[in-house]
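Bear in mind that the values in this text are calculations on the coordinates, not laboratory data. Model, not experiment: these values are computed from the prediction. For neighbour counting, all protein chains shown are included, and Cβ atoms are generated from backbone atoms with ideal geometry for every residue, glycine included.
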């Protein structure tokens, strides 16, 4: 039974709003599952404006699924605007001589950085970590909790990571401890302040349909967290995941509206597309629209650590 008033996972407040049921899924980290994961409900906190999935599974269960996931599930290239924007931001800072990418996957982002930057990664999936190492990336630990306490870097990046985390405040604080004074913590994630998400599509928005996505911190949350942790500054940029042409945008909008109208019908169409099912790595029965780039629904936060901390 769903809690009538769960506590906000981001700020701990009880003033939350139920935005509806998230459809179930049997596809996780690029692999089809033998049984479906309950979608739970999407909740919005009226205090910090963040969103979160509740109920969620226990952390060890998620870690097992990530370790068994496809090593190429979160690959990305220059079509991703956040990759390009973050790379330009880091390259423009002469003091950034080392970068730790948390949840680096196979190392696509790190491999794209200028060769003068020392590149380090955190990655729980063994095959993805191996792929990153083969590209000259130093994997320092499988999880952020296992990074040596004294390790610090000029920049720590989290790209499409924090939405996977059950305790974002603690996760951010841990990551920030590995930013050297004067360095930056850069986070790229979905934007729950986007009006198409919070007002129209709500629990059937494409971004929260992935069972891996459980936490959606808002700009207000990041601002409050930055102030509590005495960050020197926080900058925020709203962007698209990638740039689509008009034809691709129209198709994506049709898919998103179809999913809003009837997830069951969307699943039926997906099951009928046998070729599509095989290309996704296995036979599954639940589908959701992967339409990155349709809306300006991503945010990049750049948080600077003060020199005297």
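In terms of its alpha-carbon gyration tensor, the chain comes out prolate; a/c meets the 1.5 threshold, and the first ratio a/b outweighs b/c.
With a Förster radius of 41 Å applied to the C-beta separation of residue 32 and residue 5, the computed FRET efficiency comes to 0.75.
Among 184-194, 150-160, the peptide with the highest mean count of other Cβ atoms within 10 Å heads the list, and the full ranking is 184-194, 150-160. Taking 0.36 nm per residue of sequence separation and removing the Cα-Cα distance, the residue 63/residue 118 pair yields an extension gain of 17.1 nm.
Seen against the Cα atoms of the chain and their longest principal axis, helix 263-272 is set at about 90 degrees. A simple spin-label model places pseudo-atoms 7 Å from Cα toward Cβ; at residue 265 and residue 15 they are separated by 3.9 nm. Relative to the dominant Cα principal axis of the chain, helix 81-91 is inclined by about 0°.
Placing a label point 7 Å from the Cα of residue 230 along the Cα-to-Cβ direction, the residues of the range 170-214 with a backbone N closer than 18 Å are 173-185.
For the range 28-157, what class follows from the C-alpha gyration tensor (a ≥ b ≥ c being the square roots of its eigenvalues): rounded when a/c is under 1.5, otherwise prolate if a/b is larger than b/c, else oblate? In terms of gyration-tensor shape, prolate. Which of rounded, prolate or oblate describes the range 40-95 when judged by the alpha-carbon gyration tensor and an a/c cut-off of 1.5? Here the range 40-95 falls in the oblate category.
Between residue 111 and residue 133, the modelled labels are 1.6 nm apart [label points 7 Å from Cα along Cα→Cβ]. As an equivalent ellipsoid, the range 1-41 spans semi-axes of 26, 12, 8 angstrom, where each value is the square root of five times an eigenvalue of the C-alpha gyration tensor, largest first. The C-alpha atoms of the chain define a longest principal axis, and helix 219-228 lies at about 30 degrees to it.
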